[in-house]
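Data first, discussion second: the structure below is written as structure tokens.
Any read-out appearing in this document is the output of simple, stated calculations on the displayed coordinates, not a laboratory observation. Since this is a predicted model, take the numbers as computed values, not measurements. A quick note on method: Cβ atoms are made from the backbone with ideal geometry, for glycine too, and the neighbour counts reach across all protein chains shown.
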Amino acid sequence: MNKTIQRFFCLALALTLLLSACGGTASSAAPASAAAPASSEAPVSSEAPAEPAKPSTITLTDNAGRTVELPYPVETAVVANRYNSELIRACGAIDKVISVDTNTAQDRVYWGMFDPENVIGKSQTALDYEKIAELAPQVLILPANGSVDEAEKTLAPFGIKVFVISGYDTLDFKNQCENIGKMFNVEESAQKFYNYFNDIEEYIAKQLEGQPKRRVYLESTTDYSTIAPGNAMYGMSEVSGIYNIFSENIETVKTSEVDPEEVIAREPDCIVKLITPAQALSGTGLYEPPEKQQFIDTVAEIKARPGWDATPAVKNDEIYIMTQFSHGGASKLVGSAYIAKWVYPDLLPDLDPHEVFRAWMEDFQGFQNIEGHFYSAAELAA
Amino acid sequence: MIGVLQVKNLCQRYGKTTVFSEVSFELPTGSFLALLGPNGTGKTTLLKSIGMMFFPEKGTCVLDDEDLFAMTAPQRARRMAYLPQSTHAPFPMQVIEAVLLGRFPYTAFVPKQADREKAAQVLERLGLSALAFRDLSHLSGGERQQVFLARALVQNPRLLLLDEPTSNLDLKNQLQTMQTVRSLCAEEGLTAIAAIHDLNLAAMFCDHFLILHQGRLSAFGGEEVLTPELIHEVYGVAVEKLRYGGRPFILPCI
Amino acid sequence: MSPKDGAAEILREYDSRRAKGLFLILGGLALTLVLAVWFTALGAIDTGWSDILHTLRAAAAGQELDTGQKVILHLRLPRVTMAILAGAGLSVSGAAMQGITRNPLVSPFTIGVSNAAAFGATLSIVFGVGLFPGTQAGTVLMAFLTAFLCAALVYLVSLRVGLSPQTLVLTGIAVNYLFSAATSLIQYFADEHRLAAAVAWAFGSFNGVEWSEVSVSAVVVAASCALLYRYAPALDLLSSGDDEVARSLGADPNRVRVATGALSVLATAAIISFTGVIGFLGLAGPHIARMLLGGSHRRLLPFSAVVGALLALIADTIGRMILAPVMLPVGIVVSFLGVPIFVNLILSQRKGA
């Protein structure tokens with residue numbers, strides 16, 4: 001019997017190696033390392049269907065520092081992560097997106113044009129490669145925290161490119177708008193979008209120059225989970241010109257829970273918190289805002305935290321709530337606008353965050369403005 | 001010398017303590033030797049030292065002119081078999097498979113026809129054929145003991161080492177086991193050494209006796225060395241030695 | 001069923017059982033192959049059996065493939081092959097580990113090897129520690145290294161106390177908790193975008209495996225399993241009684257433990273490094289095999305491989321089909337699938353002889 005078994009193992013091994021060889025030759029070999037300079041390139045001649053003229057291409061550097069050669073202009077793309085889809089829509093290229101992930105499509109109001117049955121996977125780390133292959137887009141756009149390497153290698157034989165755009169990365173806003181504008185050939189509308197928000201960013205910077213910074217405690221949708229350096233949302237707090245009380249002496253902690261006593265010790269002048277309605281998938285938000293009661297309850301809960309009534313923020317009723325859905329607009333510059341105005345109302349007379357949100361919703365997303373995503377404690381008490 | 005087991009100057013340590021030292025004896029093949037002594041005196045250690053399961057500190061052990069300690073483990077395994085005290089079986093295994101393990105020192109990988117025949121014969125000889133495909137863990141302690149004896153015999157040994165073979169058995173099984181070993185010694189020239197603490201069982205079936213006391217060989221020889229004086233000195237118990245039906249009986253004086 | 005007295009009777013029965021065992025193993029193999037072909041044809045894109053053949057022929061001839069064929073060649077076949085390799089490799093490793101420790105609760109998962117590999121991968125992903133940081137090759141290498149580090153640690157500690165099975169198990173369990181906690185600690189402190197990758201890795205899935213990974217895995221797993229098979233008689237010895245008995249029969253328990261332990265770790269690392277942590281297979285595969293075919297390792301090892309491969313293959317396919325387009329990680333499905341089978345067999349054991 002042992003001879004049979006050993007023969008079987010040899011056979012299995014041979015078969016596997018044979019298949020690997022087949023797989024290897026049929027695919028355009030993608031190099032294993034995905035370090036900065038390398039890119040996945042399919043030699044155009046063996047993959048593209050027969051066409052008279054060679055399609056033109058464009059080479060761009062993405063959010064992960066990868067240099068990618070894309071067909072120009074991109075006509076079909078699939079996108080993971082809703083911030084990315086929002087950016088693309090703001091730049092005026094959403095018609096080129098043929099499918100998204102479940103985290104995006106779950107919002108049936110905001111993303112009604114996408115079918116939740118026809119998604120490319122649950123999220124940027126759980127991609128359905130077979131589906132993507134079936135849809136045959138020219139490029140997959142996903143953020144840096146997705147399975148970038150894996151996607152690149154798996155989709156290489158299908159000639160589908162992988163491009164990284166991290167819609168939540170406030171500090172990369174310029175690059176993102178440029179890339180979207182260039183790849184989809186919508187440079188004009190992308191520029192317009194960029195300018196609108198860049199103006200706001202510059203206005204805030206100008207007005208706050210030389211001014212003493214106020215201390216702010218930022219909390220995400222998870223209680224006691226703060227936004228510190230290394231967190232993707234930290235860029236947002238930087239642009240808003242506040243002093244994040246956890247930007248120092250917190251070298252190693254990125255998104256984890258902080259000690260409530262530390263918050264008290266660091267004496268925040270303001271508290272800004274994110275909330276999201278219960279029916280949203282973990283880590284996402286919905287177009288329909290949560291009930292006003294949820295805002296009221298959140299403020300009450302914060303005030304009730306033991307010892308927190310000693311902080312300037314609670315004493316002066318400077319507590320502000322915004323939703324997961326709304327703050328993320330334009331790489332979270334919408335969030336920056338609100339934070340800046342809440343914290344420095346007198347220094348930013350020309351900044352009306354509600355108008356910013358309206359513009360974002362109506363002009364750039366093509367949606368009716370909807371209220372109820374931003375509240376200050378004072379407004380809630382009224 | 002052929003036909004003799006010569007143990008010379010065997011010493012064993014456990015850490016810094018000496019368990020026994022300078023144990024020497026000569027045993028003709030076909031003998032059934034009982035290793036006697038109180039608990040903790042080192043009977044089992046002596047047994048395992050002969051079997052090379054512990055490496056002895058010093059000494060030699062020569063069987064039929066072959067130096068057992070100088071051999072490789074598989075070579076030794078073809079001359080010497082060991083019957084353990086405990087018969088715990090953690091994983092399910094059939095009796096026949098367990099017995100076939102005794103051919104491990106001989107087979108390359110798969111038991112050959114000759115191996116299987118040997119195993120089947122031994123099972124039949126010990127009256128265990130009906131149990132051949134039963135699971136070890138479903139047998140009684142006594143039956144398992146018999147199975148392991150079968151395994152030892154399948155090794156075709158010339159020397160059989162038994163570690164407290166009767167401790168966990170009922171009266172009938174005790175007698176049966178000792179009788180089987182004695183017959184094997186008589187009929188097939190097997191030499192057996194058993195570490196045992198039941199003096200009367202030893203006296204009933206063994207023809208040679210070695211008493212270990214305080215790390216030394218206190219006595220070695222035939223049944224005559226089992227004197228009440230020696231037993232009193234070694235075991236701390238006053239006894240009388242009687243004869244009944246031509247056999248010696250050790251009777252404790254209570 | 002119980003034979004009457006007679007050596008000849010025993011021999012006949014033995015031969016017939018051996019034949020049945022062989023039949024079961026080969027039958028299992030055949031079933032695995034059949035299912036492999038069937039499952040390769042299943043998916044979002046409609047394909048059939050013949051498509052698979054056409055794909056292979058076309059690929060061998062170096063022809064241009066259409067999307068459906070590419071899906072078969074680059075997405076489904078590697079995935080199915082990896083599932084079979086992972087199931088077989090983890091199961092055989094588990095069987096060997098259970099044998100040398102005489103402990104039915106042991107598996108590559110419970111004694112730390114899987115979590116050590118996860119730790120290594122997390123180090124590479126999050127901190128860029130080790131060789132070729134940030135690349136997949138680097139992650140795999142780190143996973144291998146830490147898996148061996150774990151095994152070495154367990155061995156060295158046990159060696160001081162005589163390398164007994166109990167010490168191996170206890171040390172393994174302790175080390176398991178250590179690596180598991182260490183991995184969690186890293187994730188606790190990780191940058192957000194690295195965190196997602198690290199967490200996803202710890203989940204265990206065959207999604208996105210490709211041929212280069214499958215080849216490495218195949219070579220290592222096949223070699224380890226073949227070598228482990230040669231230790232089958234020694235494993236029988238070690239698992240059936242104390243070390244003394246093994247020594248008296250001519251085996252060197254320590255050497256066997258080191259060799260088979262190393263091979264098991266190698267096979268496990270070769271799988272976990274690519275797929276992430278998958279539990280249950282290494283524990284249940286051998287047990288199911290043992291309950292069906294008995295404990296003789298010459299049969300147990302190959303049959304464990306077969307059982308493991310079947311479990312992994314079926315679980316993976318269910319995972320990707322049942323809630324399409326959402327894909328459930330195989331680690332989750334395999335427990336749901338395997339536990340009822342396992343429990344059922346346990347219950348039926350009570351009635352049997």
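The table for this structure:
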quantity: Highest average packing first - B:207-219, C:302-314, Cβ atoms within 10 Å; calculated: C:302-314, B:207-219
quantity: Mean projected area (nm²) of the alpha-carbon convex hull when region B:125-237 is viewed from all directions; calculated: 8.2 nm²
quantity: Relative packing of B:230-236, A:238-244, C:95-101, which averages over residues the other C-beta atoms within 10 Å, highest first; calculated: C:95-101, A:238-244, B:230-236
quantity: Value of Rg to Rh for region B:132-196 (Rh from inverse mean 1/r over Cα pairs, i.e. Kirkwood); calculated: 0.96
quantity: Rg/Rg_ref, region C:21-176, where Rg_ref = 2.2 N^0.38 Å and atoms are Cα; calculated: 1.38
quantity: Cα gyration tensor shape for chain C, rounded if a/c is under 1.5, else prolate or oblate; calculated: oblate
quantity: Student exercise, chain C dipole from Lys, Arg, Asp, Glu Cβ charges, in Debye to nearest 20; calculated: 720 debye
quantity: Sites matching trypsin sites (Lys or Arg not before Pro) across region C:1-71 that sit in DSSP coil, with at most 13 neighbouring C-beta atoms within 10 Å; calculated: C:LYS4
quantity: GNM result for chain C, Cα springs below 10 Å: residue of C:VAL245, C:VAL37, C:VAL154 fluctuating most strongly; calculated: C:VAL245
quantity: Peptide C:213-222 - average C-beta neighbours from other chains (10 Å radius); calculated: 4
quantity: Burial ordering of C:ASP252, A:ASP107, fewest other beta-carbon atoms within 10 Å first; calculated: C:ASP252, A:ASP107
quantity: Label-point separation in nm, A:ASN195 to A:GLN211, each point 7 Å along Cα→Cβ; calculated: 2.6 nm
quantity: Extension gain from C:ASN344 to C:VAL326, taking 0.36 nm per residue of separation minus the Cα-Cα distance; calculated: 3.5 nm
quantity: Shape call, region B:84-174: gyration tensor on alpha carbons, a/c limit 1.5; calculated: prolate
quantity: Residue-averaged 222 nm ellipticity for the protein assembly as shown, from DSSP H runs of 4+ at -39500 (n - 2.57), nearest 500; calculated: -15500 deg cm²/dmol
quantity: Where N is the number of residues in region C:206-247, Cα Rg divided by 2.2 N^0.38 Å; calculated: 1.80
quantity: Neighbour-count order for A:LYS153, A:LYS174, A:LYS96, fewest beta carbons within 10 angstrom listed first; calculated: A:LYS174, A:LYS96, A:LYS153
quantity: Whichever lysines have a C-alpha closer than 28 Å to that of C:LYS70, once near sequence neighbours (fewer than 8 apart) are set aside; calculated: A:LYS54, A:LYS96, A:LYS122, A:LYS131, A:LYS153, A:LYS161
quantity: Value of Rg to Rh for region A:47-203 (Rh from inverse mean 1/r over Cα pairs, i.e. Kirkwood); calculated: 0.96
quantity: Surface/4 of the Cα convex hull for region A:327-382, nm²; calculated: 4.1 nm²
quantity: Per-selection Rg to Rh, region C:1-108 - Cα, Kirkwood hydrodynamic radius; calculated: 1.21
quantity: Average silhouette area of region C:265-332, convex hull of alpha-carbon atoms, in square nanometres; calculated: 5.0 nm²
quantity: Using alpha carbons only: equivalent-ellipsoid semi-axes of region B:171-224, gyration tensor based, whole Å; calculated: 21, 14, 9
quantity: Region B:1-106 - charge dipole about Cα centre, Lys and Arg +1 at Cβ, Asp and Glu -1, debye rounded to 20; calculated: 300 debye
quantity: In sequence order, calculated HN-Hα J values of region A:114-131 (Karplus, 6.51, -1.76, 1.60; Hz; x Gly/Pro); calculated: 9, 8, x, 7, 10, 9, 8, x, 6, 7, 5, 10, 10, 8, 9, 5, 5, 5
quantity: Estimated D of region A:52-92 in µm² per second, where Rh is the Kirkwood radius over Cα pairs and Stokes-Einstein applies at 4 °C, 1.567 mPa s; calculated: 108 µm²/s
quantity: Radius of gyration and Dmax over the Cα atoms of region B:28-121, both given in Å; calculated: 15.8, 45
quantity: Loop GluC sites (Glu not before Pro), region A:142-209, which have at most 14 other Cβ atoms in a 10 Å radius of their Cβ (DSSP); calculated: A:GLU209
quantity: Over the protein assembly as shown, volume per residue of the alpha carbon convex hull, in Å³; calculated: 211 Å³
quantity: Of C:ALA36, C:ALA324, C:ALA259, the one that fluctuates the most in a GNM where chain C has Cα springs shorter than 10 Å; calculated: C:ALA324
quantity: Rounded if a/c under 1.5, otherwise prolate or oblate - region A:188-248, Cα gyration tensor axes; calculated: oblate
quantity: Largest-first ellipsoid semi-axes for chain B, taking √(5λ) over the Cα gyration tensor eigenvalues, angstrom; calculated: 30, 22, 17
quantity: Pairwise Cα inverse-distance average, inverted: Kirkwood Rh of region C:207-302 (Å); calculated: 14.7 Å
quantity: Estimated FRET transfer efficiency when R0 is 56 angstrom, pair C:GLN63-A:GLU187 (beta carbons, to 0.05); calculated: 0.90
quantity: Packing-based exposure ordering (other Cβ within 10 Å, fewest first) of B:HIS197, C:HIS74, B:HIS138; calculated: B:HIS138, B:HIS197, C:HIS74
quantity: Choice from C:LEU53, C:LEU77, C:LEU292 with maximal GNM fluctuation in chain C (Cα, 10 Å cutoff); calculated: C:LEU53
quantity: Angstrom value of the Kirkwood radius, inverse mean 1/r, which spans all Cα pairs in region A:234-382; calculated: 16.2 Å
quantity: Per-selection Kirkwood Rh - region A:272-317 (Cα, Å, 1 d.p.); calculated: 12.1 Å
